[in-house]
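**Student:** For reference, the structure I am asking about is given below.
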Amino acid sequence: MQQSYKAVINTRQQFDSAISYLYNERGEDVLAVLGFIHKKIRQFHLNTDVYIVINEVYFRGLKFLDNGGEIYSPFPWIRQTAYNIIREMSRMQKNVIVNSEVLEKICLSTADVEPMQDSEQPEWLLLNSAFAELRPDEQKILKLRWIEDSSWKEIAQVLSHNSEKVKADTARKRGARALQSLRTHYQSVKQEPSNS
């Protein structure tokens, strides 16, 4: 039974039907969507499965429909949403996962901060050394973003001077450069031979 999904979907039952069609049928349109998702997963070098992405598409579709949205032409919508999810997964994979507790201890850098467990101590020292090598403005941006949990708009306001207005996009770019600088310093410190 091959059916085409080109109608407007505005109920959960219709969306369930479209998603189950992806799981159960092997028509040309299904193979095109699955092939696209598989290709993008490889392109972005992700270690995930096509159906994990489709599951996330499903949950986002349900949320969209529950909020009163309508999906026109489900397969193009599924394809675009899957692409957005893959891009998000790629960004998360590329970002350095900064443990906010570790970064907070580095940013505070006070003697009264209780030491971390022995297994984490070497990493903490390396990260502390890398953080110390950053310029003060880079340290300030990272502290604002990761410790104080400030938005990019709030950071832009802090960075703005009387003569210079900083936009949120500019603050975000400076933050990305500061994080990249921290990564670079961390890698160089990590590769240095220890003095012990």
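**Student:** Once R0 is set to 22 Å, what does the formula 1/(1 + (r/R0)^6) return for the Cβ-Cβ distance between R60 and R12, expressed as a FRET efficiency to the nearest 0.05?
**Tutor:** 0.95
**Student:** In the structure displayed, which of K40/K143; K143/K165; K63/K165; K140/K190; K63/K173 lie more than 26 Å apart, Cα to Cα?
**Tutor:** On the way: K40/K143 35 Å; K143/K165 20 Å; K63/K165 38 Å; K140/K190 23 Å; K63/K173 31 Å.
Over 26 Å Cα-Cα: K40/K143; K63/K165; K63/K173.
**Student:** Amide H of I9 versus every other amide H placed in the peptide plane: which residues, excluding those fewer than 5 positions away on the same chain, fall under 5 Å?
**Tutor:** Close amide H contacts, sequence-distant or interchain: I71, Y72, S73.
**Student:** What's the exposure ranking of R26, R60, going from fewest to most Cβ atoms within 10 Å? Don't skip to the end; give the middle numbers.
**Tutor:** Values: R26 9, R60 16.
Starting with the residue having the fewest Cβ neighbours, the order is R26, R60.
**Student:** How much net charge surrounds L34 when only other residues with a Cβ under 12 Å from its Cβ are counted (Lys, Arg +1; Asp, Glu -1)?
**Tutor:** Values: positive: R26, K39, K40, R79; negative: E25, E28, D29, D49.
Within the 12 Å Cβ shell, the charges total 0.
**Student:** Using Cα-Cα distances under 8 Å and only pairs 6 or more residues apart, what relative contact order does region 125-181 have, in percent?
**Tutor:** 34 percent
**Student:** With Cβ to Cβ distances under 11 Å as the rule, what net charge do the other residues near Q157 carry (K, R +1; D, E -1)? Walk me through the numbers before you get to the answer.
**Tutor:** Working: positive: K153, K165, K167; negative: E154.
With Lys, Arg at +1 and Asp, Glu at -1, the net is +2.
**Student:** I would also like to ask the following. Could you calculate the FRET efficiency of A176 with I52 from 1/(1 + (r/R0)^6), where r is the beta carbon distance between them and R0 is 22 Å, rounded to 0.05? Don't jump to the answer; show the numbers that get you there.
**Tutor:** On the way: r = 27 Å, r/R0 = 1.24.
Result of the calculation: an efficiency of 0.20.
**Student:** Tell me which trypsin sites (Lys or Arg not before Pro) from region 151-188 have a DSSP coil assignment and no more than 16 other beta carbons within 10 Å of their own.
**Tutor:** Details: sites: K153, K165, K167, R172, K173, R174, R177, R183; in loops: K165, K167.
Sites meeting the loop and neighbour criteria: K165, K167.
**Student:** With a sphere of radius 11 Å drawn around the Cβ of I86, what net charge do the other residues whose Cβ falls strictly inside it have (Lys, Arg +1; Asp, Glu -1)? Let's see the in-between values first.
**Tutor:** On the way: positive: K39, K40, R42, R79, R87, R91; negative: E56, E88.
It works out to a net charge of +4.
Readers should treat all values here as calculations from the given coordinates under stated rules, not as data from a laboratory. Note that the structure is predicted; figures quoted are calculated from it, not measured. Neighbour counts are summed over all protein chains in view; Cβ atoms, including those assigned to glycine, are modelled from backbone coordinates with ideal geometry.
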